[in-house]
Amino acid sequence: MNDEMNFTTFKYFLECYFNPSANYDELDKLIVDFNSFENVGQHKKLHSELLVL
């Protein structure tokens, strides 16, 4: 099965950046952090997985 079928990048994003105790009024900061720490390939994989959802 390929990455898009397993949603591995989306799961990775949730595990690393989506903390249940976080204040999601600051969701923009989570996105900025992801964009600054992850490479372009990760961005593209996440985007393609989100399109499937």
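Just so you know, all these numbers are worked out from the coordinates, no wet-lab data involved. Given the structure is predicted, the values throughout are model-derived calculations rather than measurements. Methodologically, a virtual Cβ is constructed for each residue, glycine included, from the backbone with ideal geometry; neighbour enumeration extends over all protein chains shown.
Fully extending the segment from H47 to V32, taken as 0.36 nm per residue of separation minus the present Cα-Cα distance, adds 3.9 nm.
Simple rule: put +1 on each Lys or Arg Cβ and -1 on each Asp or Glu Cβ in segment 3-52, find the dipole, and look at I31, Q42, S21; the Cα lying farthest toward the positive end is Q42.
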